[in-house]
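The values are calculated or read from the model by the stated rules, or taken from the named source; none is laboratory data. None of these values were measured; they are calculated from a predicted model. Every residue, glycine among them, receives a Cβ derived from its backbone with ideal geometry; neighbour counts consider all protein chains shown.
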Amino acid sequence: MSHDTSLNNFLRRPGTAQVDTELRRWLRSLPVEQRVDFLRSLYGHNYRYAITLMRSSQLPLHQVVQLLQHWLLFSSHNCSRGLVAGFVPMIGEARFWTIAAKLDLNPTMADFLNYHGRGKLNHYRDVLSSRHPS
C-alpha cells in the first residue's frame, strides 16, 4: 500500500471506532519517518485528527517536537487552539511554551497562541529574553 493511496483511503472512510483503531494500528506499524510523513500529509486535510493520531503514534520525542515546530511555523493561526490542546498534555506545558517562545512565529499565530494560552507565550518569551539579554 503506497503512502498516497493509504492516505486517500483513510480520508474517504467514515470515522467509526473500528476504522480509527485500524488506522492507529496501521500507523504505529510504519517506520518513524513514514508516520511523520503521513501525519504531515493528513494535517492539511484534518489538523485535529492529525494531532490526535500523533498523540497515539508512539513517535520519539524529538519527532514530536519537530512536528510541533513545523506546525507552529507553517500552519494557519486557526490551528493554534488545537496545537495547544493537543501538545501540552503530551509534552508538558513548560516544554510547549518554551518551544513556541523560541520560534520566530508569524504575528497572527503568536497572537492566537497568546489568546489560547492566556498570555503564556509572552511570559515564556520574557523569561527567555531575561536569561539571554541581547
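Mind checking whether some residue in the range 41-62 is of a type in the set (Lys, Arg) and modelled with pLDDT of 95 or more? Spell out how you get there, then give the answer.
First pass over the range 41-62, keeping only residues of a type in the set (Lys, Arg): 48, 55.
If we keep only those that are modelled with pLDDT of 95 or more too, we end up with none.
No: zero hits.
Has the range 23-40 got at least one residue that is at pLDDT 95 or above, within 30 Å of Arg118 (Cα to Cα) and more than 12 Å from the chain's Cα centre (by Cα)? No, the conditions are met nowhere in the range 23-40. The C-beta contact set for the range 10-36 (first residue surrounded by fewer than 10 Cβ atoms within 10 Å (Cβ to Cβ) and part of a helix (DSSP H, G or I), second residue of a type in the set (Lys, Arg) and at pLDDT below 70, distance under 9 angstrom, 6+ apart or interchain) is empty. Going through (1) modelled with pLDDT under 95; (2) on the phi < 0 side of the Ramachandran plot one by one, Gly119 falls short only on (2).
Within the range 89-109, take every residue that is touching a Lys or Arg at 6+ places or on another chain (Cβ under 9 Å) and over 15 Å from Val127 (Cβ atoms) and give me the one that is surrounded by the most Cβ atoms within 10 Å (Cβ to Cβ).
Step one: of the range 89-109, the residues touching a Lys or Arg at 6+ places or on another chain (Cβ under 9 Å) are 89-90, 93, 96-97, 100-102.
Retained after the next criterion (residues that are over 15 Å from Val127 (Cβ atoms)): 89-90.
Working: Pro89: 11, Met90: 16.
Top of the filtered list is Met90.
Scanning the range 67-82 for residues that are over 16 Å from Leu42 (Cα atoms) and either surrounded by 15 or more Cβ atoms within 10 Å (Cβ to Cβ) or under 9 Å from the mean Cα position of the chain (by Cα) (or both) returns Gln69, His77, Ser80, Arg81.
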